Amino acid sequence: METIRARFGFRDKDETVKLRKRKSQLHNNVVNEGWLTFGITAFSVVFRLVNCSLVQTSFVPDEYWQSLEVSHYMAFGYGYLTWEWQTGLRGFIYPLFFASIYKTLHFIGLDSVTVLIWFPRVMQALLASAADVKMYFFTRSMENPHVAKWTYFCQLCSWFTWYCCTRTLSNTMETTLTSLALTYYPLPGSKAHHRSEPRTPHSKKYLTLVAMAIVIRPTALIVWLPLLVSHFHREEGRLWLITHRCLPIGALTLVSSTVIDCLFYGKWTLVQYNFLRFNVLHGLAAFYGSHPWHWYLSQGFAAVVGPHLPFFLYGCSLASRRYRVLLVTIVWTLTVYSFLPHKEFRFIYPVLPFCMLFCGMSLAHLKARRRAAAGVLLVANLLPALYTGLVHQRGALDVMTRLQELCEPPGPAGSPSPEVLFLMPCHSTPYYSHVHCPLRMRFLECPPDLGGAGYSEEARVFYQDPLHWLSGAFPDRAALPTHLVLFDVLEKDISGFLESNKFTRTAEIFHSHFPEGRVGGNILVYERRAAALEENTPPDI
């Protein structure tokens, strides 16, 4: 009987049933994906924090004067607002981001000058790392892990990204938001495109990020115009997309930005209109320099893309048809900016992440000598990244570290309080955001001619005849500042003034190996001798 029961598979009730263990492939994939996400995120964060610490130079004045200086004024009540903020040309929403950080640090008692300088840059580094991670997984979903790996590699080793992505420029935030928005954009073949219904959250996410980028810097519309037109052209529910996504998101973002600007300006101000009217309609941006129409095509784009340029061009020939809109966006952006007289490298920075996608395709397609090509690309980017980040134009920041010493408690009673005069091209250094004390400071101003009667640019008048300007500005020796900051190229022109007023050089700080025009290779700090100060001090009564 037992034999028959066993043959037909009957078992006793008390007999334990043994189940065969199986490993779930789905579970393994989820675990592996989780570890991959954690690894990429952790590496990106550490990489960008190292990136942040190894960028110790200045780039352009807007990095400080249109962000941190305004934020310091908003948070602490003192700072310098340039003419753009007096004419309603700039929006407060981007400086408000840093001002809130400053206020938080003040409330918890951590608002030292070092923390105030570095914490905003650390925040930019974290945002840049988030964009790196999102771009990696976006490329992985579009192509394959192999292409995603090499695109990620190209993004991290780009010298211009290294140089800019942790700076407090509005162009940096514009680029970060553009990268994040692209990962939600319904590019043909992406997850967002497969869920092509306009009611999906993808269109809401990317349109929100685009609206934020445009509010922070209106020129972001130049980059996104071809992408928006392409999306609307491919979308079946265009009317729903416009009425339920574009208009509500755009209106909410614009109204929020306008309310913030009106609160801080104290009057009705539409910053985006003023910005476009000044830079495009009136062309007053040319006041700060102009270049020939082909500058971006002959110099600017090649410098920004750097050693990636041959890989970008090869990747363009390999890219499938669905990436055509990205190529059109790059060409469109370069073309539009070419028609504007004032040109800078940072203006085309937002299209650089698009270029890295084509560079990644190029490296992934190489069969022979791929590692050698990657090694050459890394070294070729590493040298300019380290030089521009650690050496070129570092004096503008180092001299402010030196001036921080003047914020220490005053000396004996009756000694004059420090006063600094910057005899340099306007906005050559940061200002109160990098000393964090109400130190008396003055610099040569250079606002453009806005139609005022008898206009004369102070910096230009000074450089036409420095000694005449100094004698007119300080007819009384007692009114002289205690410290002068100047480039070494000016020292010879005002040597007589320095000697007659008993100024002594107390510091010589390296700035650049490539002095040009009024910008010298070193920055000099002069201080009036104690005896000279005592001569000008009125006697006690």
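Got a sec? Which of L89, L105 is at pLDDT below 95 and of a type in the set (A, V, I, L, M, F, W, C)? Before the answer, list the steps.
Numbers: L105 fails: at pLDDT below 95.
After applying the criteria, what remains is L89.
Do you know which of the residues in region 470-521 that are more than 18 Å from M424 (Cβ to Cβ) and part of a helix (DSSP H, G or I) is most open to solvent (accessible area, probe 1.4 Å)?
Once the filter is applied, the top-ranked residue is E499.
Tell me, yes or no, whether region 39-62 has at least one residue that is in contact with a helix residue (DSSP H, G or I) (Cβ under 9 Å, 6 or more places away or on another chain), at pLDDT below 95 and among the small types (G, A, S).
no
Which members of region 266-281 meet the condition of being at pLDDT 85 or above, among the β-branched types (V, I, T) and either out of contact with any helix residue (DSSP H, G or I) (no Cβ under 7 Å at 6 or more places or on another chain) or part of a loop (DSSP other than H, G, I, E, B) (or both)? Spell out the reasoning first.
If we filter region 266-281 for residues that are at pLDDT 85 or above, which is where we start, we get 266-274.
Restricting the remaining residues to those that are among the β-branched types (V, I, T) gives 269, 271.
The answer is T269, and nothing else.
Scan region 98-117 residue by residue and report those that are touching a residue at least 60 places away in the same chain (Cβ under 8 Å) and within 18 Å of the chain's Cα centre (by Cα). Lay out the reasoning, then the answer.
In the first step, residues of region 98-117 are kept if they are touching a residue at least 60 places away in the same chain (Cβ under 8 Å); the result is 98, 111-113, 116-117.
Within region 98-117, F98, L116, I117 meet the criteria.
Please go through region 137-155 and pick out each residue that is open to solvent by 20 Å² or more (accessible area, probe 1.4 Å) and in a helix (DSSP H, G or I).
Correct list: F137, R140, S141, P145, H146, K149, W150, Y152, F153, Q155.
Considering every residue within region 158-167, establish whether at least one is at pLDDT below 95 and assigned to a helix (DSSP H, G or I). Working first, answer last.
In the first step, residues of region 158-167 are kept if they are at pLDDT below 95; the result is none.
The answer is no, given that none of the residues of region 158-167 is at pLDDT below 95 and assigned to a helix (DSSP H, G or I).
Among the residues that make up region 63-84, is at least one of them more than 30 Å from K134 (Cα to Cα), among the β-branched types (V, I, T) and at pLDDT below 95?
Yes - at least one qualifying residue is present in region 63-84.
Scan region 220-235 residue by residue and report those that are open to solvent by 50 Å² or more (accessible area, probe 1.4 Å) and touching a residue at least 40 places away in the same chain (Cβ under 8 Å).
First, pick out the residues of region 220-235 that are open to solvent by 50 Å² or more (accessible area, probe 1.4 Å): 221, 225, 229, 232-234.
Passing the criteria: L225, R234.
Considering T243, T258, T253, T269, which residue is loosely packed, with under 14 Cβ neighbours inside 10 Å and either free of Cβ contacts under 8 Å to residues at least 60 places away in the same chain or more than 23 Å from the chain's Cα centre (by Cα) (or both)? Outline the logic, then answer.
Values: T258 fails: loosely packed, with under 14 Cβ neighbours inside 10 Å; T253 fails: loosely packed, with under 14 Cβ neighbours inside 10 Å; T269 fails: loosely packed, with under 14 Cβ neighbours inside 10 Å.
Criteria check complete, one pass: T243.
Restrict the check to region 502-519 and report whether at least one residue is of a type in the set (D, E) and at pLDDT below 90.
At the first step, the residues of region 502-519 found to be of a type in the set (D, E) are 508, 516.
Applying the additional criterion that residues be at pLDDT below 90 yields none.
For region 502-519, residues of a type in the set (D, E) and at pLDDT below 90: absent.
For region 290-353, give me every one of the helices (runs of 4 or more DSSP H) that falls completely inside it and has 1 or more residues that are surrounded by 17 or more Cβ atoms within 10 Å (Cβ to Cβ) and of a type in the set (V, I, T).
Values: elements: 301-305, 309-318, 324-338.
Here the list reads 301-305, 324-338.
Which pairs have Cβ atoms under 8 Å, sit 6 or more apart or on different chains, and link a residue in region 159-178 that is touching a residue at least 60 places away in the same chain (Cβ under 8 Å) to one that is of a type in the set (K, R) and not in a loop (DSSP other than H, G, I, E, B)?
Partner pairs satisfying both residue conditions: C164/R346; C165/R48; T166/R48; T166/R121; R167/R121; T168/R121; L169/R346; N171/R346.
Residues in region 398-412: is at least one assigned to a helix (DSSP H, G or I), under 24 Å from the mean Cα position of the chain (by Cα) and touching a residue at least 40 places away in the same chain (Cβ under 8 Å)?
Just the residues of region 398-412 that are assigned to a helix (DSSP H, G or I), to begin with: 398-407.
Add one more test, that the residue is under 24 Å from the mean Cα position of the chain (by Cα), and what stays is 398-401.
Those left that are additionally touching a residue at least 40 places away in the same chain (Cβ under 8 Å): 398-399.
There is at least one residue in region 398-412 that is assigned to a helix (DSSP H, G or I), under 24 Å from the mean Cα position of the chain (by Cα) and touching a residue at least 40 places away in the same chain (Cβ under 8 Å).
Give me the pairs, please: first residue somewhere in region 59-83 and in contact (Cβ under 8 Å) with a residue 60 or more places away in the chain, second residue anywhere and among the basic types (K, R), beta-carbon distance under 8 Å, and either six or more positions apart or on two chains.
F59/R167; F59/R346; V60/R346; E63/R167; Q66/R90
Would you check which residues across region 464-505 are free of Cβ contacts under 8 Å to residues at least 12 places away in the same chain and in contact with a strand residue (DSSP E or B) (Cβ under 8 Å, 6 or more places away or on another chain) and list them?
Within region 464-505, none qualify.
List the pairs whose first member sits in region 322-337 and is farther than 14 Å from G300 by Cβ and in contact (Cβ under 8 Å) with a residue 60 or more places away in the chain, whose second member is open to solvent by 10 Å² or more (accessible area, probe 1.4 Å) and assigned to a helix (DSSP H, G or I), and whose Cβ atoms are under 7 Å apart, counting only residues at least 6 apart or on separate chains?
That search, which allows pairs on different chains as well, returns V325/P226; V325/S230; V328/P226; T329/P226; W332/P226.
Tell me, which residue of region 49-86 that is open to solvent by 10 Å² or more (accessible area, probe 1.4 Å) and charged (D, E, K, R) is nearest to the chain's Cα centre (by Cα)?
Among them, the one singled out is D62.
Within the group A380, A364, which residue is touching a helix residue (DSSP H, G or I) at 6+ places or on another chain (Cβ under 7 Å), surrounded by fewer than 19 Cβ atoms within 10 Å (Cβ to Cβ), touching a residue at least 24 places away in the same chain (Cβ under 8 Å) and among the small types (G, A, S)? Reasoning before the result, please.
Numbers: A364 fails: surrounded by fewer than 19 Cβ atoms within 10 Å (Cβ to Cβ).
Testing whether each residue is touching a helix residue (DSSP H, G or I) at 6+ places or on another chain (Cβ under 7 Å), surrounded by fewer than 19 Cβ atoms within 10 Å (Cβ to Cβ), touching a residue at least 24 places away in the same chain (Cβ under 8 Å) and among the small types (G, A, S) leaves just A380.
The values are calculated or read from the model by the stated rules, or taken from the named source; none is laboratory data. Computed from a prediction, not measured in an experiment: that's the story for all the values here. Neighbour counts are summed over all protein chains in view; Cβ atoms, including those assigned to glycine, are modelled from backbone coordinates with ideal geometry. Just the protein is used for accessible areas: all its heavy atoms, side chains included, with ligands, DNA and RNA removed. Shrake-Rupley method; radii C 1.70, N 1.55, O 1.52, S 1.80 Å.
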